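Enquirer: Provided herewith is a single structure, encoded as structure tokens, for subsequent inquiry.
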Amino acid sequence: MSQDTLDDHISKKRVEYDMPGTDRVTVRSDVEFSGADGDRLTMDLYYPPDVAPGARTPAVVIVAGYPDPGVKRFIGCLAKEMGSTVSWSRLIAASGMVAIAYTNRQPAADFAALGEHIGRNGAALGVDETRIGLLAASGNAPLAMSALLRTAPRRPSCAAILYGCLIDLDGATGTADMARAYGFANPCAGQSVEDLADDVPLLLVRAGRDEMPRLNETQDRFIGHALGANLPLTAVNVPDAPHAFDLVQDGESTRRTVGQILAFLRIHVARFPSV
């Protein structure tokens, strides 16, 4: 296998965007927390450059909706080790927030366990546990959406969803079918837009040329219902974008959209405007 082929592997794909400060981010690797079954899981925390000692900084969790054992079998590494996760984490940290990437075995239950751990240990982690945002893409989106339900024990400050599989509505089964086919968690099955909290800002980024079957149909249906329910929704359509465009399509539209995503997180998590 050539070096070019290795560099092009899905596990190596990085965001086609960079900004000052990503090379000065501090990474605290493999911090332990207990999963839902009590066994050891780990997280990596990416801190902004020059963060003050003892500071409690707003954070963004990069949601992992696939079980790591399956991810590692399929692509050869854990989700938190993927180039996409690492590069997004550095961008988030360079934007003034802590990025948190983590391992799991049971996506929904371990995501809840992570939230509980952050809630109890914010000071030790250097994280403001009252200001936590979510970032999720593709099949990781349903797990992130479950945190927006009215019944969720810990709702985030906001959530940004990229080309995501959303709640099935009006009898559609696209997300449920993809969850069965690809193995991601779908804890929102059977829920509706009316079950979502109306006080969590949500950013949906739609890839106009997404080639995943029925994914955009799911997004379009959800956007219509969410607007009808007057939810705090921001929808961004990138007309020329394929699935995972942030990783596979370099160009002005990609760079502009990644900048919009980071600005949304800065405004709603860090509560200060984007530079």
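Bear in mind that the values in this text are calculations on the coordinates, not laboratory data. For clarity, every value in this text was computed on a predicted model and none was experimentally measured. Ideal geometry is used to build each Cβ from the backbone, glycine not excepted, and the neighbour counts take in all protein chains shown.
Enquirer: Find which of V238, M43, A144 sits farthest along the positive direction of the dipole of the chain, computed with +1 on the beta-carbon of Lys and Arg, -1 on that of Asp and Glu, about the Cα centre.
Expert: After comparing all options, I get M43.
Enquirer: While we're on this one: Modelling each spin label as a point 7 Å along the Cα-to-Cβ direction, I'd like the N237/E16 distance in nm, to one decimal.
Expert: 2.1
Enquirer: Check L78: other-chain or 5+ apart residues with amide H under 5 Å from its amide H, H built from backbone geometry?
Expert: HN-HN under 5 Å from L78: empty list.
Enquirer: Would you mind computing the Rg to Rh ratio of the chain from its alpha-carbon coordinates, Kirkwood style for Rh?
Expert: Working: Rg = 17.4 Å, Rh = 18.7 Å.
Here the Rg-to-Rh quotient is 0.93.
Enquirer: Let me ask you something else. Whole percent per 10 Å bin, from 0 to the bin with the longest distance: what is P(r) over all C-alpha pairs of the range 66-206?
Expert: All Cα pairs, binned at 10 Å, distribute as 11, 41, 38, 10, 0 percent.
Enquirer: Amide H of V98: which non-local residues (sequence gap of 5 or more, or other chain) have their own amide H closer than 5 Å, using H built in the peptide plane?
Expert: Result for V98 returns A59, V60.
Enquirer: Still on this structure: Please report the net charge: other residues with Cβ closer than 13 Å to the Cβ of P20, K and R +1, D and E -1. Don't skip to the answer; put the middle values down first.
Expert: Numbers: positive: R24, R90; negative: D18, D23, D50.
After counting each charged neighbour, the total is -1.
Enquirer: Report the normalised scattering of the range 1-153 as log10 I(q)/I(0) at q = 0.17 Å⁻¹, calculated by the Debye formula with identical scatterers on the alpha carbons.
Expert: -1.00
Enquirer: Of S89, T130, S29, which is farthest on the positive side of the dipole of the chain, counting Cα position, with +1 on Lys and Arg Cβ, -1 on Asp and Glu Cβ, and the Cα centre as origin?
Expert: Result: T130.
Enquirer: At a threshold of 8 angstrom on Cα-Cα distance, excluding pairs fewer than six apart, so keeping six or more, what relative contact order does the range 3-270 reach in percent? List each step's numbers first, then the result.
Expert: Working: 568 pairs, mean separation 53.7, N = 268.
Once divided by the residue count of the range 3-270, the mean separation gives 20 percent.
Enquirer: Among 244-252, 36-44, 135-143, how do they line up by average Cβ neighbours within 10 Å per residue, starting with the highest? Numbers along the way, then the final one.
Expert: Numbers: 244-252: 16.9, 36-44: 14.9, 135-143: 25.6.
So the order, starting with the most tightly packed, is 135-143, 244-252, 36-44.
Enquirer: Also: Under 1.5 on a/c is rounded, so check that first for the range 163-264, then, if it is not, pick prolate when a/b is larger than b/c and oblate when it is not; a ≥ b ≥ c are the square roots of the alpha carbon gyration tensor eigenvalues.
Expert: Working: a/c = 2.05, a/b = 1.27, b/c = 1.62.
It comes out oblate by the Cα gyration axes.
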